[in-house]
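S.K.: What follows is a structure written as structure tokens; I'll ask about it next.
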Amino acid sequence: MAGYSVEERAAPHSLEYRLFFKDAAGCYISPFHDIPIYADAGKNVFNMVVEVPRWTNAKMEIATKDPLNPIKQDVKKGKLRYVANVFPHKGYIWNYGAIPQTWEDPGHKDENTGCCGDNDPIDVCEIGSKVCSRGEVIKVKVLGTLALIDEGETDWKIIAINVEDPEAGSYNDISDVRRMKPGYLEATVDWFRRYKVPDGKPENQFAFNGEFKDKDFAVNVIKSTHEHWKALIAKKTDGGEINCTNLTVSNSPFCCSQECAKATVDAAPPCKAANPIPPEVDKWFYYQKN
């Protein structure tokens, strides 16, 4: 995990669950602000924080409004959120997560999509063979991107592969995904188009008629969101409820001490061994039981 570790608080699949991050020295950090965007800037290799392992259903995400931004399960109307198994897919069909130190600014209209950002770090769909762990920090090679328009907001989906994947050398652009994994890109569009339909919502829409953009385009999009993040963390842009507490961005007015960070974690619910809901639960089963 590139020197990073995680610490769980409360039981998974509970409203109180939080997954906090630590650096190599054991200091608490924010995965949103303190993990560098680049694993290797010269080669455009990026860090990715894994929020949702492939094939799982729980909608886990970096808590952008919480101090230190731990991973937690998304909640809607007081209920923990799970994505449905939309035939023929099982849960998330990639390792899903985010690139740190990026932010899709809700006050900035994207010149390519004509819509403002979704107020989150930029999302990544990692297509390698390994099923990653929640909270794992991996190094990824960017291959392309899909422009999802989610309820009127720009929500870029970066397609990438773990640089440690045995086949990573065969992937250098989005065309290689079409060649090496026939049907995978089409399945990705289908998943994002329909995953909210079981919740009674309409199908999602896409910019560019659902066509994927190539690696160079995707890297430029990531760099743009990194600039928006830098404005956010320097307080040049109003982030609203976004919590920018960090320990490593020295020129940020939100930079704090490790004592402050530890106090935040100590205030969180303690770890519990009990797990009230099976980790691979199907949405249908869960809601029938609740």
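S.K.: Contact order normalised by length for the chain, with contacts defined as Cα pairs under 8 Å and 6 or more residues apart; what percent is it?
M.R.: The value is 22 percent.
S.K.: Between C27 and L15, how many nm apart are label points set 7 Å from Cα along the C-beta direction?
M.R.: Between C27 and L15, the label points sit 3.5 nm apart.
S.K.: Quick one: which of 216-227, 251-262, 30-41, 189-200 comes out on top by average Cβ neighbours within 10 Å, and what's the full order, highest first?
M.R.: Put in order of decreasing packing, that is 30-41, 216-227, 189-200, 251-262.
S.K.: Kindly rank 56-68, 79-91 from highest to lowest mean number of other beta carbons found within 10 Å of each residue.
M.R.: The densest-packed peptide leads the list: 56-68, 79-91.
S.K.: Taking the structure as given and computing mean projected area of the Cα convex hull in nm², which label from (i) 16.1; (ii) 14.9; (iii) 20.2 fits?
M.R.: (ii)
S.K.: No partner Cβ under 4.7 angstrom, meaning no disulfide-compatible partner by this rule: which Cys of the chain qualify?
M.R.: C27, C115, C116, C125, C132, C244, C255, C271
S.K.: Mean Kyte-Doolittle hydropathy of -0.5 or higher plus an axial Cα length of 20 Å or more: which whole DSSP H helices in the chain meet both?
M.R.: Membrane-span-like by this rule: 215-233.
S.K.: Please go through the residue pairs K109/K213; K157/K215; K59/K236 and name each one whose alpha carbons sit more than 23 Å apart in this structure.
M.R.: Checking Cα-Cα distances, K59/K236 exceed 23 Å.
S.K.: By how many nm would the segment from E186 to C116 grow when fully extended, if each residue of separation counts as 0.36 nm and the alpha-carbon distance is taken off?
M.R.: Answer, rounded to one decimal: 22.7 nm.
S.K.: I need the GluC sites (Glu not before Pro) found in region 110-187, filtered to DSSP loop residues with at most 15 other beta carbons within 10 Å of theirs.
M.R.: Listed in order of number, the matching sites are E111, E151, E164, E167.
S.K.: What fraction of the DSSP beta bridges in region 5-289 is antiparallel, stated in percent and rounded to the nearest 5?
M.R.: Restricted to region 5-289, the bridges split so that about 90 percent are antiparallel.
Every read-out reported here was derived from the displayed coordinates using simple, explicitly stated rules and does not represent laboratory data. Quick caveat, the model's predicted, so the values are computed rather than measured. Methodologically, a virtual Cβ is constructed for each residue, glycine included, from the backbone with ideal geometry; neighbour enumeration extends over all protein chains shown.
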